[in-house]
1. Report whether or not L413 is out of contact with any Cys (no Cβ under 6 Å at 6 or more places or on another chain), in a strand (DSSP E or B), within 17 Å of E174 (Cβ to Cβ) and not aromatic (F, W, Y).
2. List, please: which pairs have Cβ atoms under 9 Å, are six or more places apart or on different chains, and start with a residue in the stretch 267-292 that is over 15 Å from A393 (Cβ atoms) and end with one that is of a type in the set (K, R) and at pLDDT below 95?
3. What is the residue count in the stretch 218-232 for residues that are in contact (Cβ under 8 Å) with a residue 24 or more places away in the chain, out of contact with any Lys or Arg (no Cβ under 9 Å at 6 or more places or on another chain) and among the hydrophobic types (A, V, I, L, M, F, W, C)?
4. Which numbered condition in (1) modelled with pLDDT of 95 or more; (2) of a type in the set (D, E, K, R); (3) closer than 23 Å to L131 by Cβ is the only one that D182 fails?
5. Within the stretch 236-246, can one find any residue that is under 23 Å from F327 (Cα atoms), surrounded by 14 or more Cβ atoms within 10 Å (Cβ to Cβ) and at pLDDT 95 or above?
6. Quickly run through the stretch 339-362 and pick out the residues that are in contact with a Leu (Cβ under 8 Å, 6 or more places away or on another chain) and under 18 Å from P253 (Cβ atoms).
7. Would you pick out the residues in the stretch 53-67 that are of a type in the set (A, V, I, L, M) and touching a strand residue (DSSP E or B) at 6+ places or on another chain (Cβ under 7 Å)?
Amino acid sequence: GGDLDPSAQADANLHARMEAFRHLSDGEGDPDLAAEAAVVWRVPIVGAPVRGNALAPITLVEFGDFQCGYCARAESTMAQIRAAYGDSVRFVWRDDPLPFHDRAAAAAVFAREARAEKGDPGFWAAHDALLEPHADLSDAGLDLVARRIGLDPAAVASAVTQNRYEDGLDDDMEIADDVGADGTPTFFVNGRRITGAQPFEVFKTIIDDEMVRAVATVRAGTPPASLYEAIIQKGRVAPEPRRLSVSVPATAPYKGDLGAPVVIQEFADFQCPYCARAEEVLRKVLSRYGSQVRLVWRNLPLPMHANAEIAAEAAAEAKRQKGNAGFWAMHDKILANETAPHGLERPALVGYARQLGLDGAAFEKALDARAHAAEVTIDAKAASAVDIRGTPAFIVGGYELDGAQPFVRFRKLIRQALSQAGR
């Protein structure tokens, strides 16, 4: 098992894949399953903390979360691997703090501060302490661990409070996303993925197979120091996102700088719960990137949402009366009440208009006349033209991003777009 995606069926399937690969040479097992088990991912390790022999033929990368019970459970298996293979396996850690673990990011910052003070040995001392059973990850608990392993408690507290290593954590989470590490722990043995806190035997199957390949690769002339990079060089990487070109209407509501190098178009539906869920991430995007991004709202009311169109027209009328500020004020009102009984019906929308100081008579007249139906339809047609069917859907600097996605996926596309713009 593992946090986020640890079903028993997935465990059973993984065991089946391992067995298929192990017995394939004897003419047994399913070749398709064996091929899946043999997939190599290009998992970078540059800059990450390392434990063990730098020239080891086997590199085991763990994407982990210090608040994850399955990561703690996997530690006994990691100890078994160290005992069985010694200097033949080196261990690499990459952070993947999950959003529903309230102390995971703080613990990851703590471990990074330990590394900043005492190098890789300091990191692994922190790692081992944080993954002890029933470890206390509160501020007080981290203070005790800091004193126990000889860190500067004031520096640790400052790092955690300031979230000092936020960019580094985001880097690791972006890599996790690229290689399909969707939950914790996720391991890669010379690029081959193992999901969850699996038993020693599952790791042994792949390690033994990879040992044979590593020896053959070195004998063929690859220096041991270059072995891992040679093995993963042609490994699988995240697919390139779809490129989309959709012009932005001059009248579309937006947040940010009109001259921003990266435009994010959001095709959304006011009655869509996933659109409401995306708001927190979008606020973070605007906060982190400031004048580098412009967020543009495009209407895509879905046919199964009875009040989506009238809500879109209400927000458009708010913009007509009070500009961008009026639109976003109505936008926030609507999404805040999206799940309330009757929260998006006409009487409620009229009430929001009054609360926001709009001209109530003009507002109701616009709704009656369907004054903004055409502009809503224009947005919907633009979405349909590029095969955008659901909400929320985003075009980030010309790249498609579908659904209520985590911040790191926006970050990756924004950085890619900024790089292409020479920023």
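The values are calculated or read from the model by the stated rules, or taken from the named source; none is laboratory data. Note that this is a predicted model, so its numbers are computed, not measured. Cβ sites come from the backbone with ideal geometry, for glycine too, and all protein chains shown count toward neighbours. The area values use the complete protein model at the heavy-atom level, side chains included, leaving out ligands, DNA and RNA. Shrake-Rupley method; radii C 1.70, N 1.55, O 1.52, S 1.80 Å.
1. no
2. Q292/R423
3. Of the residues in the stretch 218-232, 3 are in contact (Cβ under 8 Å) with a residue 24 or more places away in the chain, out of contact with any Lys or Arg (no Cβ under 9 Å at 6 or more places or on another chain) and among the hydrophobic types (A, V, I, L, M, F, W, C).
4. Condition not satisfied by D182: (1).
5. yes
6. The answer is L349, and nothing else.
7. If the condition is that a residue be of a type in the set (A, V, I, L, M) and touching a strand residue (DSSP E or B) at 6+ places or on another chain (Cβ under 7 Å), then A54, A56, I58, L60, V61 are the ones that fit.
Conditions tested, residue by residue: (1) assigned to a loop (DSSP other than H, G, I, E, B); (2) under 27 Å from the mean Cα position of the chain (by Cα); (3) more than 20 Å from I175 (Cβ to Cβ).
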position: A56; (1), (2), (3): yes, no, yes
position: E62; (1), (2), (3): no, yes, no
position: Q67; (1), (2), (3): yes, yes, no
position: S76; (1), (2), (3): no, no, yes
